[in-house]
Amino acid sequence: MPHAGQAYHGMMTMTSYRLRALLALAAVKRWPIRYQLLSLVLVVAVPLAVLVSMNLYANVRQSEKSAHLTVRNVAQDLKLDTEMFLADSKRRLEFLAARPRVKAMDPNRCDPLLFEIRWLLPEYANVALRDIDGKLVCGDLSQPGQWPVSTADIEWFREGKERAEFTVGNALFGKVTRKWVSVLTYPVRDDQRQLRGLLVLPIDLEYFQRLAELFVLPPGSIIALIDRDGTFIMHSADPGRVGQNFRGKEITDVVLRGDHGEVKAVGTDTIERIYSYNTLPGAGWHVYAGIPSDIVMAPALAGAIEGATITAALLAIIAGLGFLISRGIEAPLRAIGGVASEIARGNIDARATLDGSREIAQIAAQFNAMLDAQRIAQQQLRRSEALLNETQALSKVGGWEYDVASDSVKWTDELYRIFEVSRDYDPSNRQQNIQSYPAGERVR
């Protein structure tokens with residue numbers, strides 16, 4: 001528990017704060033009316049400005065949250081659509097790999113279904129069956145003359161052979177298909193589960209461009225799909241980027257480093273966007289969606305400008321009203337002060353005009369009534385003094401008044417005449433007054 005010293009210190013601190021507050025209030029009361037009204041405007045303006053700023057911040061945060069939610073959903077949907085497509089492709093390859101004529105690996109008895117796939121499913125650019133050495137066994141498209149007989153040294157074939165499972169290759173330009181493709185491979189095994197070759201199913205990357213068209217995003221937004229090396233498989237805003245590698249660009253490096261997340265970064269087109277990205281675990285591909293930051297901020301900024309404009313207008317109106325009110329108060333009061341100065345200079349006929357608000361007009365009227373009453377009192381006093389002087393002159397009697405506080409003496413006019421001295425004579429001078437009496441009377 002606090003001891004007595006702490007309690008006393010607390011009481012003194014509170015007393016000090018209260019004293020300062022009272023002194024500040026007293027100082028404010030001594031301010032001119034204009035400054036007091038200005039302070040009132042500031043009391044209204046500062047909280048209003050803070051409120052507008054807080055509202056702007058809340059709008060910005062809400063806009064960012066909405067943008068994050070949008071790109072997150074788009075990236076997630078694109079990921080799911082791509083995963084579903086790859087899963088369907090895997091099932092199709094599994095089905096083909098289990099067919100007897102495919103397992104037979106006989107170039108003279110090719111499975112006729114291999115030649116129908118491209119026509120039934122146009123999302124694939126070709127379908128081929130290759131043996132363990134990479135040589136073509138069966139294929140829908142014929143190989144050009146310059147195409148190597150074996151694909152054993154090509155990356156997608158080596159990976160498919162080494163993993164001996166469903167594999168998804170990086171983007172490349174197919175020399176047979178003459179298109180940008182990603183090659184899917186699936187192992188073909190004999191009845192003893194020995195690897196005999198690979199089914200090859202290149203995806204026409206144009207399929208993903210058509211998939212991107214299904215998503216609706218604000219202008220300037222992008223949806224992209226990149227492979228493990230950072231090469232575009234799909235770019236919604238610029239299909240010409242497909243097949244181009246953008247390692248070293250901020251968004252590409254961010255996406256390749258992470259599994260999933262959201263970030264504000266500069267895109268490959270140097271435009272800053274709010275991005276959400278995700279990874280397809282089996283394929284190693286990455287999807288991301290981005291909305292331009294200025295598009296995200298535009299509604300918030302528009303709201304901020306509107307709010308600031310309204311706030312400024314309100315403050316201008318309040319300040320204008322405060323100025324007009326201060327003038328309405330100050331001008332009549334200054335006029336009353338000017339009348340008082342005129343009265344002090346001797347212009348007893350000066351009167352205040354009944355301008356301003358009703359209360360100030362009442363003050364001016366009471367001020368004028370006071371001046372009228374004072375004038376009447378002064379006239380009555382002058383008449384009384386004149387009557388007194390006339391009475392004293394007839395009776396040859398003078399009067400005097402001694403002021404104890406100032407030790408001074410005042411005479412009436414008749415007393416000056418009785419002593420036959422001018423008005424410059426000082427009746428407070430006792431030694432001088434004694435000389436006015438006969439010598440025989442001075443001792444007494």
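No value in this document is a laboratory result; all are computed from the given coordinates. From a predicted model like this one, the values you see are computed outputs, not experimental measurements. With ideal geometry, Cβ positions are generated from the backbone for all residues, glycine too; neighbour counts draw on all protein chains shown.
Considering the stretch 185-322 at the alpha-carbon level, its Rg and Dmax are found to be 23.4, 97 Å.
May I ask for the distance between the Cα centers of the stretch 278-341 and the stretch 202-228, given as a whole number of Å? With the stretch 278-341 and the stretch 202-228 each reduced to a Cα centre, they are spaced 41 Å. Translational diffusion coefficient of the stretch 86-204 (Stokes-Einstein, Kirkwood radius from Cα pairs, 37 °C, 0.692 mPa s): 235 µm²/s.
How large is log10 of I(q)/I(0) for the stretch 254-338 at q = 0.15, 0.17 Å⁻¹ when the intensity is taken from the Debye formula with one equal scatterer per alpha-carbon? Rounded to two decimals, the profile gives -0.74, -0.82. For the stretch 359-431, what value does the Rg/Rh ratio take when both radii are computed over Cα atoms and Rh is the Kirkwood radius, given to two decimals? Result: Rg/Rh = 1.21. In whole angstrom, how far apart do the alpha carbon centroids of the stretch 150-177 and the stretch 119-143 sit? Going from one Cα centre to the other spans 12 Å. Pairs exceeding a 26 Å alpha-carbon distance, out of LYS79/LYS264; LYS79/LYS135; LYS65/LYS90; LYS103/LYS135: LYS79/LYS135; LYS65/LYS90.
Where the alpha-carbon atoms of the stretch 185-231 are placed on the principal axes, they occupy 56, 22, 13 Å, in descending order. The packing ranking of peptides 109-117, 46-54, highest mean first, is 109-117, 46-54, where packing means the average number of other beta carbon atoms within 10 angstrom of each residue. Ignoring aspartates and glutamates fewer than eight residues from LYS396 along the same chain, the ones with Cα atoms less than 15 angstrom from its Cα are ASP413, GLU414, GLU420.
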